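The values are calculated or read from the model by the stated rules, or taken from the named source; none is laboratory data. Worth saying up front: this structure is predicted, and the values here are computed from it rather than measured. Cβ coordinates were reconstructed from backbone atoms using ideal geometry, including for glycine residues, and neighbour counts include every protein chain displayed. Only protein heavy atoms, including side chains, enter the accessible area calculation; ligands, DNA and RNA are left aside. Shrake-Rupley method; radii C 1.70, N 1.55, O 1.52, S 1.80 Å.
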Amino acid sequence: QVREWKNEGSKRYMCTGRPGWLTVSLRVGKYKKIHKNIMINLMDVLEVDSERQVVRVEPLVTMGQLTAHLNPMGWTIPVVPELDDLTVGGLIMGTGIESSSHIYGLFQHTCVAYELVLADGSLVRCSPTENSDLFYAVPWSCGTLGFLVAAEIKMIPAKKYVKIHYEPVRGLQKICEKFTEESKKKENSFVEGLVYSLEEAVIMTGVLTDEAEQSKINRIGNYYKPWFFKHVEKYLKAGRTGTEYIPSRHYYHRHTRSIFWELQDIIPFGNNPVFRYLFGWMVPPKISLLKLTQGEAIRKLYEQHHVVQDMLVPMKSLEKSIQTFHVDLNVYPLWLCPFILPNNPGMVHPKGDEAELYVDIGAYGEPKRKQFEARASMRQMEKFVRSVHGFQMLYADCYMTREEFWDMFDGSLYHKLREQMHCKDAFPEVYDKICKAARH
């Protein structure tokens, strides 16, 4: 298809032909209508190499599919981002994170090689040792350097359960101290925080294990179980700690049924025991279905009165960040997920020469701030994130100017490769693909 496009005179930019409503991002890419759509129907797990401990997959393999495939074989991947429908391609070209990222980094840091079809129609493999510039430039590039056709991801042995400990913490300073302390411990397989108000949070730490106390097993993934964030809140309300054993796959997809806490805005009675018992098997509705059936007026309303943002900030700025989120948005719960950010080349790396501990702060829901105005409030947030050398996840609405965008991200390697590989006539720049200012 790429060679055909070339033979036809390379008139328009290319993009993947997957319809915008199928993606998990709430954004509907308008560029799909004007660009040359390249159909990429690659959705298979290609090989599981137990000796190298690597799984080779195609870009449309989803997280739900991958864990279902690997777990029975005794394997899993180090970072399993939350929602079932997230694809390998999206997690590499965008980014992905999970509560194990304080050990392994972001999803891209667990990949050992990519295979891409470039603008000239050639197929290349890149890794830290071959075509390494391309290997480090691909993450966060949103499909603007080439088409991903396969990826090799590290595997680790799977265990049956996650032994999870819930600890309610009160007081913002204490929350940040406790969260930072737990995130630094490599013996924790998982670290996650749910912040329910400016002064209240539950911090969860988990360890992978094959043994479990039968009386403490909680199969939270079953359709009739309370939504996970509601279950966690009980520990906060009761003011007590607790320990449970959750089957690993249920843990990996613990926020899937309630789409974190987004479903409470879509189905307000969704956590009611009667609803869960009778209709729980029907949720979550596919995000793609919600997008496909959503009219333009509803979408605009949603955009103005609803926030879905992940900001990645250095751990040392956590307290200041939560306060800023509180003032600018006032959305709760907030999701906290720690990750180690290695000093690799590419768009996203720490300011110094060392790897640095960062935290993803996820705000999903309706802002309670009185004067919330989507554009102004988000520009305020983006400015703060740039000031602490943080990053904004690119699946979300982004209001930065081109200059601000390249102030947040390091474009040096990216621009060099776009020049070298003649991408400028083949693909739009990443900014033009994702930023509101460029798309309106």
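Restricting to the stretch 142-158, count the residues that are out of contact with any Leu (no Cβ under 9 Å at 6 or more places or on another chain) and under 11 Å from Leu417 (Cα atoms).
1
Do we find that Tyr224 is over 26 Å from Glu319 (Cα atoms), in contact with a strand residue (DSSP E or B) (Cβ under 7 Å, 6 or more places away or on another chain) and among the aromatic types (Phe, Trp, Tyr) in this structure?
So Tyr224 fails the test.
Quickly run through the stretch 49-60 and pick out the residues that are within 21 Å of the chain's Cα centre (by Cα) and closer than 14 Å to Cys111 by Cα.
Across the stretch 49-60, the qualifying residues are Val55, Arg56, Val57, Glu58, Pro59.
Can Glu167 be described as assigned to a strand (DSSP E or B), open to solvent by 30 Å² or more (accessible area, probe 1.4 Å), in contact (Cβ under 8 Å) with a residue 24 or more places away in the chain and of a type in the set (D, E, K, R)?
Here the answer is yes, as Glu167 does meet what is asked.
Being modelled with pLDDT under 80 and in a helix (DSSP H, G or I) is true for just one of Phe229, Phe269, Phe260, Phe275. Which residue is that?
Exactly one of Phe229, Phe269, Phe260, Phe275 is modelled with pLDDT under 80 and in a helix (DSSP H, G or I), namely Phe275.
Of the residues in the stretch 367-395, how many are touching a residue at least 60 places away in the same chain (Cβ under 8 Å), closer than 23 Å to Glu429 by Cα and open to solvent by less than 60 Å² (accessible area, probe 1.4 Å)?
8
For the stretch 411-427, name all the residues that are surrounded by 14 or more Cβ atoms within 10 Å (Cβ to Cβ) and under 23 Å from Pro350 (Cβ atoms).
Of everything in the stretch 411-427, those that are surrounded by 14 or more Cβ atoms within 10 Å (Cβ to Cβ) and under 23 Å from Pro350 (Cβ atoms) turn out to be Gly411, Leu413, Tyr414, His415, Leu417.
Go through the stretch 131-145 and count every residue that is touching a helix residue (DSSP H, G or I) at 6+ places or on another chain (Cβ under 8 Å) and open to solvent by less than 20 Å² (accessible area, probe 1.4 Å).
9
With respect to the numbered conditions (1) within 24 Å of the chain's Cα centre (by Cα); (2) under 24 Å from Ile103 (Cα atoms), which one is the sole condition not fulfilled by Glu233?
Going through the list (1) within 24 Å of the chain's Cα centre (by Cα); (2) under 24 Å from Ile103 (Cα atoms), Glu233 breaks only (2).
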